[in-house]
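Read through the structure below, which is laid out as structure tokens, and then see the notes.
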Amino acid sequence: MAKLKEYSLITLGIVLMVIGIYFFKFPNNFSFGGVTGVAVLLSKYKIASASDIVLVINVILLLVGLAVFGKNFGIKTAYASLLLSLLLSFLSRVFPMSAPLTDEPMLELMFAVLLPAVGSAILFNIGASSGGTDVIAKIMKKYTNMNIGRALLITDLVITLATFFVFDIKTCLFSMTGLIAKSLVIDNVIESFNVCKYFNIICTDPEPVCNFIVNELNRSATTFSATGAFSHSEKYIVLSVMNRHQALRLQQFIKQNDPDTFIMISNTTEIIGKGFRG
């Protein structure tokens, strides 16, 4: 069941990426780097359609990855890469695009950035990727001491700047805007997927709160004793982490049953441990 959910999320992420790339990125010649960016540049010279170029490059990279890593090569990455390439190639045959969908390039740039960024964030969040330059990064990491993140950023920047020479300054500026926006959107979407609420609850009787957390919310908590600096009275601090829906229920419970309880709530995205991320 877990595998089915995982591959369903991969498929959803890839479908979002394909829609953004095929309907908004390719027709406008936006190039934000990566394999699809190279495909946009090469398609200008009528070698093949951008979709077919993506398919050829990704298949070559997958074969290289399998040759280098063997059984250790990621099955999820191979599935995602092939699915993306085949869907793009399929769309180019059943729904050929000779021009952009609208005459609003900025509007199309938003969708060209947003849809693939959300799709990529879904993949990254479950430990998968769409292949392409990620395969190159894995190979570079194995055989060199190079800063992989910086090397890929420079590569994406070079591919994006190449749109000035292949197309025009307008396309280059749109592509530069897309490259900057893409990284910001991916980071923010990943954080929004993982955001949880971290509770510091200061109360005189922790039992009702802990019982509600454990029995009603199916979460756990940690308690320890403390002393009030002003009143010098004995207090207890309850620490717990939960999702936003559970956090709202806990707030309502405390408000109804012990309104004098002091609560501090903060957002957190990096929770590692049982019940959260491994």
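The values are calculated or read from the model by the stated rules, or taken from the named source; none is laboratory data. These numbers were taken from a predicted model, which means no experiment stands behind them. Note that each Cβ is placed from the backbone with ideal geometry, even for glycine, and that neighbours are counted across all protein chains shown.
Residues are listed down the side, and each one gets a yes or a no for (1) over 19 Å from Phe26 (Cα atoms); (2) acidic (Asp, Glu); (3) modelled with pLDDT of 75 or more:
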site: Met146; (1), (2), (3): yes, no, no
site: Arg150; (1), (2), (3): yes, no, no
site: Phe167; (1), (2), (3): no, no, yes
site: Thr171; (1), (2), (3): no, no, yes
site: Ile180; (1), (2), (3): no, no, yes
site: Leu184; (1), (2), (3): yes, no, yes
>> Give me the residue from the range 43-57 that is surrounded by fewer than 18 Cβ atoms within 10 Å (Cβ to Cβ) and of a type in the set (A, V, I, L, M) and, out of that set, farthest from Asn29 (Cα to Cα).
In response: Val56
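Being closer than 16 Å to Phe69 by Cβ, touching a residue at least 12 places away in the same chain (Cβ under 8 Å) and among the β-branched types (Val, Ile, Thr) is the filter here, so list the residues in the range 134-156 that pass it.
Val135, Ile136, Ile139
Please specify each residue of the range 211-269 satisfying the condition of being of a type in the set (Ser, Thr, Tyr) and under 36 Å from the mean Cα position of the chain (by Cα).
Passing the criteria: Ser220, Thr222, Thr223, Ser240, Ser266, Thr268, Thr269.
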> Pick from Thr77, Thr102: which is in a helix (DSSP H, G or I), among the hydroxyl-bearing types (Ser, Thr, Tyr) and out of contact with any Leu (no Cβ under 6 Å at 6 or more places or on another chain)?
Replying inline: Thr77
>> Return the residues of the range 177-211 that are farther than 20 Å from Ser266 by Cβ, hydrophobic (A, V, I, L, M, F, W, C) and surrounded by fewer than 18 Cβ atoms within 10 Å (Cβ to Cβ); say none if nothing qualifies.
In response: Ile180, Ala181, Leu184
> Taking the range 1-48, which residues are among the basic types (Lys, Arg) and either part of a helix (DSSP H, G or I) or outside the structural domain of Ile75 (by TED's automatic domain parsing) (or both)?
Replying inline: Lys3, Lys5, Lys25
> Residues Leu109, Leu62, Leu91, Leu84: which one is at pLDDT below 90 and buried (at least 17 other Cβ atoms within 10 Å of the Cβ)?
Replying inline: Leu62
> Can you pull out the residues in the range 8-40 that are in contact with a Lys or Arg (Cβ under 8 Å, 6 or more places away or on another chain) and either without any contact (Cβ under 8 Å) to a residue 60 or more places away in the chain or among the aromatic types (Phe, Trp, Tyr) (or both)?
Replying inline: Phe32
> Within the range 74-99, which residues are touching a residue at least 60 places away in the same chain (Cβ under 8 Å) and within 25 Å of the chain's Cα centre (by Cα)?
Replying inline: Lys76, Tyr79, Ala80, Leu83, Leu84, Leu87, Leu88, Leu91
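Quick check, is Asp134 over 20 Å from Pro27 (Cα atoms), part of a helix (DSSP H, G or I), of a type in the set (D, E, K, R) and at pLDDT below 90?
yes
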> Which pairs do you get when a residue that is within 26 Å of Ile272 (Cα to Cα), found in the range 224-253, comes within reach of a residue that is surrounded by 13 or more Cβ atoms within 10 Å (Cβ to Cβ) and small (Gly, Ala, Ser), reach meaning Cβ atoms under 6 angstrom, with the pair 6+ apart or on two chains?
Replying inline: Val238/Ala221; Ser240/Ala221
>> Looking at the range 115-129, I want the residues that are closer than 12 Å to Gly20 by Cβ and in contact (Cβ under 8 Å) with a residue 24 or more places away in the chain and have a partner that is hydroxyl-bearing (Ser, Thr, Tyr) and not in a helix (DSSP H, G or I) with Cβ atoms under 7 Å, at least 6 apart or on another chain. Which pairs are those?
In response: Ser120/Ser130
> Only one of these conditions is not met by Met1: (1) buried (at least 20 other Cβ atoms within 10 Å of the Cβ); (2) without any contact (Cβ under 8 Å) to a residue 24 or more places away in the chain. Which number is it?
Replying inline: (1)
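Can you confirm whether the range 53-71 contains a residue that is in the same structural domain as Ser175 (by TED's automatic domain parsing), out of contact with any Gly (no Cβ under 9 Å at 6 or more places or on another chain) and of a type in the set (Gly, Ala, Ser)?
Checked against the condition, which is being in the same structural domain as Ser175 (by TED's automatic domain parsing), out of contact with any Gly (no Cβ under 9 Å at 6 or more places or on another chain) and of a type in the set (Gly, Ala, Ser), the range 53-71 yields at least one hit.
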>> When you scan the range 58-79, do you find a residue that is touching a Ser or Thr at 6+ places or on another chain (Cβ under 6 Å) and closer than 20 Å to Phe24 by Cα, even just one?
In response: no
